[in-house]
Every structure is written in C-alpha cells, then in structure tokens.
1. Is there a residue being more than 10 Å from ligand 2 (Cβ to nearest atom), at negative phi and more than 22 Å from the chain's Cα centre (by Cα) anywhere in the range 396-403?
2. Answer with yes or no whether residue 387 is closer than 28 Å to residue 205 by Cα, free of Cβ contacts under 8 Å to residues at least 40 places away in the same chain and touching a helix residue (DSSP H, G or I) at 6+ places or on another chain (Cβ under 8 Å).
3. Report whether or not residue 347 is more than 20 Å from residue 123 (Cα to Cα) and in a loop (DSSP other than H, G, I, E, B).
4. For residues that are open to solvent by 50 Å² or more (accessible area, probe 1.4 Å) and in a strand (DSSP E or B), tally how many sit in the range 369-404.
5. Against the condition touching a helix residue (DSSP H, G or I) at 6+ places or on another chain (Cβ under 7 Å), modelled with pLDDT of 95 or more and at positive phi, how does residue 110 come out, does it pass?
6. Hey, among the residues in the range 59-83 that are more than 14 Å from ligand 2 (Cβ to nearest atom) and assigned to a helix (DSSP H, G or I), which one's most open to solvent (accessible area, probe 1.4 Å)?
7. Let me spell it out: the conditions are (1) surrounded by 24 or more Cβ atoms within 10 Å (Cβ to Cβ); (2) within 14 Å of ligand 1 (Cβ to nearest atom); (3) over 18 Å from the mean Cα position of the chain (by Cα), and residue 359 meets all of them except one. Which number is the exception?
8. Can you tell me which residue among 270, 300 is open to solvent by 10 Å² or more (accessible area, probe 1.4 Å), closer than 26 Å to residue 190 by Cβ and more than 16 Å from ligand 2 (Cβ to nearest atom)?
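The values are calculated or read from the model by the stated rules, or taken from the named source; none is laboratory data. Keep in mind that this is a model prediction, so the values were computed, not measured. Positions of Cβ are generated from backbone atoms using ideal geometry, with glycine treated the same way; all protein chains shown enter the neighbour counts. For the accessible areas, the whole protein counts, side chains as well, though only heavy atoms, and no ligand, DNA or RNA atoms are used. Shrake-Rupley method; radii C 1.70, N 1.55, O 1.52, S 1.80 Å.
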Amino acid sequence: MAYFGTIPWSAHVHHCSNLLRAGVSSGSSRSLHMTSRYSAKEYYDVVVVGGGAGGITMSARMKRKVGAGKVAIIEPSETHYYQPMWTLVGGGAKKLANSSRPTASTIPSGVKWIKSEVKGFDPDRNCIRIDDKEISYKYLIISLGIKLQFEKIKGLPEGFNYPKIGSNYSVKTVEKTWKALQDFKKGNAIFTFPNTPVKCAGAPQKIMYLSDAYLRKNGRRSDANFMFNTSLGVIFGVKKYADALMEIIKERNIQVNFKHNLIEVRADKQEAVFENVDNPGETKVYQYEMLHVTPPMGPQDVLVNSPVADAGGWVDVDKHTLQHKKYPNVFGIGDCTNLPTSKTAAAIAAQSAVLDKTISLVMKNQSSTAKYDGYTSCPLVTNYNKVILAEFDYSSQPLETFPIDQGKERRSMYHMKADLMPFLYWNMLLTGYWGGPGPYRKIMHLGMK
Ligand code: FAD
Ligand code: UQ1
C-alpha cells in the first residue's frame with residue numbers, strides 16, 4: 001500500500017544539512033567520507049534524474065504543475081534518442097540520424113538542465129549527489145533507464161569490431177546490423193534473447209522478421225538458416241500474440257531454440273556459444289553468417305545497493321501509484337523501476353499520466369485515486385509493411401486500443417509504428433501531453449472495455 005501521509009517537512013531542507021550525519025549510500029564509512037566533502041548549493045522543488053523518455057516527459061509535466069525555475073533534470077548526454085526507431089534502422093528502413101535530437105531541444109523551457117551524472121542517493125536528507133556537489137529537492141523522480149551489459153558476454157563488446165555482428169540495442173552497433181544483413185552470403189542468421197529483464201521484449205525478434213523479409217525480397221533467403229536462440233521458454237509472454245508469432249515462425253521456416261543463452265562470441269571465427277539455461281555448463285557452438293545480439297541488461301550502477309532500490313537494484317515503487325515504497329516524496333518511472341510489466345516507451349506514456357496524478361495528490365496530502373494497470377505495448381514488426389500491435393497489462397491479457405483484431409499482421413499498424421509514433425513521441429509524449437491510449441480505447445470500444 002502506498003503511503004500518502006504527510007511528508008516529514010522537518011526533513012525538507014533547502015540545503016543538505018548535517019553532512020556528516022548520513023552517507024550518500026546508506027551510511028558506509030566511505031560514503032560518509034565522500035559526503036563530508038560536498039556542500040549543497042542548489043535546491044529545486046522537483047528534481048528529475050535521467051533525461052530519457054520518462055525523465056523529459058515528467059519534467060514537462062512537473063514544470064506545468066510547479067512552474068518555471070522550480071524543476072531540474074539531471075542528464076549527462078548531449079543527445080536524446082528515440083530508441084524504438086532502431087528496429088527500423090537495423091533493418092535499413094530508417095536512417096540513424098532520424099532517431100536523435102539534441103538533448104537541449106527536448107528540455108522544456110523553464111526547466112534547469114544539469115549536465116551531469118547522478119552519483120548517489122540520500123533520500124533521508126532529500127539529496128542526490130552529482131560530481132562535486134549535492135542537490136536537494138522536495139520531490140524526486142527517478143527515470144534512469146536500464147543498463148546494457150554487453151560485457152557480460154565473453155568476447156563482447158570488442159567482438160563488434162568484426163563484421164557480421166550487430167545489435168539494435170545500442171546507438172554504436174545498430175548500423176552494424178544493417179551492414180551484416182546487406183553483406184549476408186550463406187549460413188546461419190542467429191538472433192538472441194538474454195536471461196535478464198530487457199526493454200521492449202519484442203525487439204529481439206522484430207529484426208529477425210525484417211531480416212527474413214529482406215533476404216526474401218533479394219532472392220537470397222534459401223541461402224540462410226534462420227534461428228531465434230532465446231533464454232526463455234516462450235516466444236512472447238502474452239498467449240494471443242505468442243500464437244500469432246509461432247504461426248509466422250512456422251510459415252517463414254525459422255527455427256526456435258528455447259532455453260539457449262548466449263554466453264560467448266568468438267567474432268574472429270564467427271562462432272556464438274550458447275548455454276542451456278536448464279543445465280548450466282552444457283554449451284553448444286553455432287557458426288554464424290549474421291548474429292544479432294540482444295545484450296543482458298540490468299539496473300544502473302548508481303541504483304544497485306542504494307537506499308531507493310530493491311534487492312535487485314530496481315527503484316522500489318508501488319505498482320499502482322509509482323510512489324516509492326519507503327520514501328513518500330520519491331517516485332520512479334520507466335525501465336529503472338521494479339514495475340512488473342514489460343519495459344517500453346508506451347508503458348511510460350501510461351505511467352506518466354498516473355504519476356502526474358499521484359504527485360498532485362501527494363502535494364495536497366491526499367490519497368491516490370489514480371491506478372496504473374500495467375499497460376504496455378509492443379508493435380511487433382513482422383515485415384517492412386506489417387505490424388502486430390501487442391498491447392497488454394499486468395495480467396498479461398490483451399488490452400487493445402483499436403476495435404479490430406490486433407493479433408493479425410496489419411499494414412495500418414506498421415504506418416502507426418513507423419510514421420505516427422515518432423511524431424507522438426517527440427511532440428506529445430516528451431511535452432507531457434500523451435498519457436497513453438487509455439481514454440481513446442474506451443471511446444473506440446464505446447465503453448465496452
Ligand atoms: P531511457 O529512455 O533509456 O533514458 C534513461 C536516461 O537516463 C538516459 O538518457 C541516460 O543517459 C540517463 N542516465 C543513465 N544513467 C544516469 C546517471 N547516473 N545520471 C543521470 N542520468 C543517467 N518502446 C516502445 O514503446 N515501443 C517500441 O516499439 C520500442 N522499441 C524499442 C526498440 C529498441 C531497439 C529499443 C532499444 C527500445 C525500444 N523501446 C520501445 C523501449 C523504449 O525505448 C524504452 O523503454 C524507453 O526509452 C525507456 O525510457 P526511460 O526513460 O526509462 O529510459
Ligand atoms: C505509445 O504510446 C508509445 O509511446 C509514445 C510507443 O512508443 C513509441 C508505442 O510504440 C506505442 C504502440 C504506444 C501506444 C499508442 C497507441 C496509439 C496504441
């Protein structure tokens with residue numbers, strides 16, 4: 001149950017006082033030592049950490065709520081990426097340059113951009129630490145995303161210096177996917193899925209369907225043996241869409257190897273080593289002509305063992321209100337949280353509307369009525385002009401917006417993904433005006449859902 005009681009404003013300090021009292025990360029002697037070197041110079045009503053999809057969206061919403069000059073966002077990167085486009089970049093259907101904008105252009109006017117990395121959390125003193133100082137807040141929103149961990153696979157990331165291997169998950173490697181596809185001669189095309197949480201769980205297979213379509217279009221598909229080597233035991237977590245995908249996999253002559261976890265890449269020999277998830281130590285080596293790697297992923301280092309994280313390192317929030325379970329003036333959104341739903345920008349859209357309401361109520365010391373239902377969506381690109389639009393909630397049941405069967409491959413949904421979504425992201429989500437399709441779903445289903 002989320003806490004909506006009065007926030008202890010005795011703890012609400014405009015300067016992080018009593019610097020020797022508490023360490024930045026749970027009071028170890030090391031952090032005590034480090035904390036004592038800093039003094040807080042800055043205070044904001046709302047501090048947002050991480051300026052990706054969730055952070056920019058919430059900074060826009062919070063600025064509207066509390067006014068100009070009262071919100072700060074901490075984000076080190078000069079460039080903001082619309083990551084969902086990378087599926088199409090890897091498949092050669094969009095240019096990488098079209099997926100980015102300068103971070104400066106995405107920060108709402110009146111929001112202070114602090115171009116730094118967050119180095120520690122001290123929620124007992126309402127402070128966070130950046131390089132050489134502390135910043136204090138009344139409300140904190142954590143939106144740090146998820147960390148890619150290529151280095152957990154032996155031979156990576158240095159293996160990306162060789163050809164035939166790519167990954168749509170990183171700006172550095174996404175164009176290598178398209179190159180590997182164009183250069184495909186003869187052999188295995190292997191697509192992997194790791195044994196960790198990932199963002200956009202459909203993306204590891206979307207690029208497989210595009211690659212299949214590309215080689216068919218170019219008359220080279222008969223020279224390829226397609227394999228989806230996944231750590232999981234199912235192709236997708238929602239039965240309706242899993243059934244549809246298995247049909248496509250059968251039609252397109254793709255082999256699925258469940259419980260196969262990529263542990264090593266010998267890029268000089270074009271070999272990939274997989275471990276049997278159910279029998280660790282048992283490995284199989286596959287030769288590849290093209291390898292698409294979905295890396296293991298995990299929480300950001302700064303969250304691991306921090307007071308705002310759960311035992312796994314994810315920001316520990318109430319799954320309906322997004323309020324922190326221990327610190328009532330701390331909130332989390334997006335990939336960095338332990339919300340038990342699939343990590344997507346679509347989920348962030350729905351979360352942002354709920355979090356906006358939650359924070360309004362917390363500010364007025366009232367109880368929450370807003371309730372996040374786990375809505376998430378994954379446009380499963382199955383061809384250069386086809387998408388199955390998966391939408392579902394915490395119960396892993398479909399929660400579809402349109403009054404048509406979204407389990408079918410549709411051209412209209414491809415246009416939505418490729419042409420409408422980027423516009424919606426830059427102009428509506430990041431500006432804080434898109435709270436997900438919930439209200440439209442109700443209209444489209446004439447109140448029946
Ligand atoms: P991010 O947008 O990743 O932002 C996190 C931010 O935190 C970054 O800007 C980073 O620089 C910053 N940061 C990290 N560490 C620190 C630190 N210590 N201090 C300060 N800042 C820090 N979603 C969909 O809805 N539909 C799709 O079709 C889709 N397809 C995808 C395809 C691919 C290939 C990928 C990679 C993702 C896809 N997604 C899709 C997922 C979507 O992009 C993410 O879920 C979304 O961007 C998550 O937003 P976020 O704010 O949680 O994290
Ligand atoms: C969505 O809201 C969103 O965020 C802006 C996405 O990320 C790019 C999506 O992929 C999807 C599918 C949605 C949901 C929107 C509709 C209209 C179903």
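1. Yes: one or more hits.
2. On the way: closer than 28 Å to residue 205 by Cα: yes; free of Cβ contacts under 8 Å to residues at least 40 places away in the same chain: yes; touching a helix residue (DSSP H, G or I) at 6+ places or on another chain (Cβ under 8 Å): yes.
Yes, satisfied.
3. When the stated conditions are applied, residue 347 does not pass them.
4. 1
5. Yes, satisfied.
6. Residues of the range 59-83 that are more than 14 Å from ligand 2 (Cβ to nearest atom), as a first pass: 59, 61-79.
With assigned to a helix (DSSP H, G or I) added as a condition, the list becomes 59, 61-66.
Working: 59: 0, 61: 25, 62: 1, 63: 54, 64: 114, 65: 71, 66: 31 Å².
Step by step, filter the range 59-83, then rank; the result is 64.
7. Result: residue 359 passes all but (2).
8. Result of the check over 270, 300: 270.
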